[in-house]
Each structure stands twice: as structure tokens, then as C-alpha cells.
Amino acid sequence: MIDLHTHTNFSDGASSVEQLLIDAQKSGASVISITDHINIDAYYYLKSINIKNYFKGKILKGVEIYCGYKGKQIELLGYGIDFEKFKTFLEINFNLEKQIENLQNQFDYLISICKKLGIKTKENLKADKSLAFVKPFFKDNIQSFPENEKFFSPEIWNDYKKFYRLCVCNSNSPFYIDFSKYYPSVNEVSNAIHNAGGKSIIAHAWIYGFNNTLLEIEEIIKLGNIDGIECYYSDFTKRQSELLIKYCMDNNLLITGGSDYHGINRNCQIATGNNNNLNIPNYLLSQFEEKDYFI
């Protein structure tokens, strides 16, 4: 078993690096990748510990980067990157001060929308270095006022994470935020990954709410010179994975997969996904070279 999409508490995961490695060992995974959002600090931390005390397998170098695409936020996974070469790109585009400022602007904007709609909110919602978005704004804020339930569909109210994809990233929603002004383009992110010796992969394509996902994938690939697609993912149906795998095979693209493990923040296990619905084949590792792994 393998899992090429996991997160630690260096981004929005709940688990420390050590806990993630322990969970990976328990899962039976032979290879994992730590793909924290806009952050590679976990790999510098790995140098300070004896990895084999926690995990006996191998670690494919990885990161997950936000991009602006047609006003939406989408993500690219970068594998096998040279972190020293990639640091400058992160420092320029995703330094902590800039990210906190952007998030505060987004919070302030959404609170102003809530006031217009009559939705009750906390007045002083402050962004912090955790860079958490949906949980502080929706779960810990909007949902803390039961009278707000009438403003949202049961689907969104009962799954706070869907507020982000179905409202904030939906141009037809009053909560819509144009992320193109906050994040670099697909082309810029993919180029940065390539310049650092890595491979750029479209992450979890089906969750973005495109009207025609395969058509948008084709455009993203053309814009960004993309190397592959994440075809196995915890929230995909079998049919969705099959369609992406066929697309990759027909277009000579890399195929990857991962659980998107976040520790206790999500009901998702390393390598096996949601309720054992994930089985990522080991043969995908043949697409990577020895230099792509963390030593």
C-alpha cells in the first residue's frame, strides 16, 4: 500500500510529523508523501529525528500548492522537488505575513456578506498563523448560532467543509471569493515545481465543482504543462477514478493517488481512505526516481 497525499500540523493537519509516521506504519503503507499546503517545514523537521523509529518505509518528497484558476482555488501537488530551490518561490508567494493578511481580508469580506444577508456572526474574527479558514469561519462561528441553519442547505450545514467548495469557490454564491487575486496562476506554480526538478500533478480534480471536470482538466494541463493527475482519492467514486485513469493513459500523463490524511481533523485513514475505500497500486511508484525520495 502507498499514500502520496498526507498532511501534518505544519499545515492544516492535526498530527505531528511523528504521529503521521506512526499512523503510516500502522496502516501498512510502504511509501508515503507528506504534502503540506504551501509548506515544506515537515521535511526540515524530519532531519532532526530518526525516521525509522516511527516509520520503516520510504517518503516521496511532496508539497501541495494553491493556484488561482478562473477565480477558483485549485491545488497542484509537486513531487520530487528540490526544497532548497523551491524555498524562494514559497517565500515570495506564500510568506506567513502575506497569508495572514489575505486571510483576514477574506474573513472581513465574508462577515460583511453575512451582515447583508442577516446571518449572525462574531464581530472580531482574527486570522492567525494556523491559516485555518473553514473551521474558524463556519464551524466555530456561523454554526455556533443555531438560528443560522435556515440560511444554508442541509448538505452544507451538516458538513462544514462543503461551505468552502460549494459557497466560497462558487461564483454563483454570495460568499464567492475570487482567489485569482490571492494566489499565483496554474502556470506559475507548475513552472516553479518544474524549476525545482519536480513533477506537477492536479490534486483531487472532482472536488472543485466544475461543470465539466474533464474539459477543465484539459485546459489546466495546457495552461500549466502539467505532468499528471491524482486519480485515486478518498472522496472519489470508483467511476470517477476510472475516468481519470483512462484520461491519463490516453494522454501519457502520470497517475498518482492519496488519502488526503489530516489526522483527527478528518475521518480518513492513511492508505485506506474513508471506510477502506482506497487502494492505491504500488506500480505507480515506477513513475518516480530514487532522487525524488527524501533521504
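The values are calculated or read from the model by the stated rules, or taken from the named source; none is laboratory data. Every value quoted in this text rests on a predicted model; they were computed, and no experiment measured them. Every residue, glycine as well, gets a Cβ built from its backbone with ideal geometry; the counts of neighbours run over all protein chains shown. Calculation scope for accessible area: heavy atoms of the full protein, side chains included, ligands and nucleic acids excluded. Shrake-Rupley method; radii C 1.70, N 1.55, O 1.52, S 1.80 Å.
Note: relative contact order over the range 102-205, using C-alpha pairs below 8 Å and six or more positions apart, is 19 percent.
Select from the chain the helices, each a whole stretch of DSSP H, whose alpha-carbon atoms run 30 Å or more along the helix axis and whose Kyte-Doolittle mean is at least -0.5; answer none if there are none. Intermediate values should be presented prior to the final figure.
Working: long enough: 96-117 (31 Å, -0.35).
Long hydrophobic helices here: 96-117.
Dividing the mean sequence gap of close Cα pairs (under 8 Å, 6+ apart) by how many residues the range 21-112 holds gives a relative contact order of 25 percent. Across the chain, the mean sequence separation of Cα contacts (distance under 8 Å, 6 or more residues apart), normalised by length, yields a relative contact order of 24 percent.
Quick check for me: using +1 on Lys/Arg Cβ and -1 on Asp/Glu Cβ, what's the dipole size of the chain about its Cα centre, in debye to the nearest 20? Numbers along the way, then the final one.
Numbers: 31 positive and 35 negative charges, 88 e Å.
Its charge dipole is roughly 420 debye.
Taken over the Cα atoms of the chain, the convex hull encloses 128 Å³ per residue.
Using a 1.4 angstrom probe on the protein heavy atoms only, could you order Arg239, Arg266 from most to least accessible area? Spell out each step's value before the answer.
Working: Arg239 145, Arg266 80 Å².
Accessible-area ranking of Arg239, Arg266, largest first: Arg239, Arg266.
When the helix-only estimate is applied to the chain (DSSP H runs of n ≥ 4, each -39,500 (n - 2.57), divided by the residue count), what is the mean residue ellipticity at 222 nm, nearest 500 deg cm²/dmol? Walk me through the intermediate numbers first.
On the way: 8 runs with 89 residues, N = 295.
Counting only the DSSP helices, I get -9000 deg cm²/dmol.
By a 1.4 Å probe calculation restricted to protein chains, Lys85 has an accessible surface near 130 Å², given to the nearest 10. Were the residues from Glu123 through Lys150 laid out at 0.36 nm apart, the gain over their Cα-Cα distance would be 7.7 nm. Using a probe of 1.4 Å, the accessible surface attributed to Asp128 totals some 80 Å² when neighbouring protein chains are kept in position. Principal axis extents of the C-alpha atoms in the range 185-263 (largest first, rounded to whole Å): 34, 32, 23. When the surface is traced with a 1.4 Å probe over the full set of protein chains, Tyr69 keeps roughly 10 Å² accessible.
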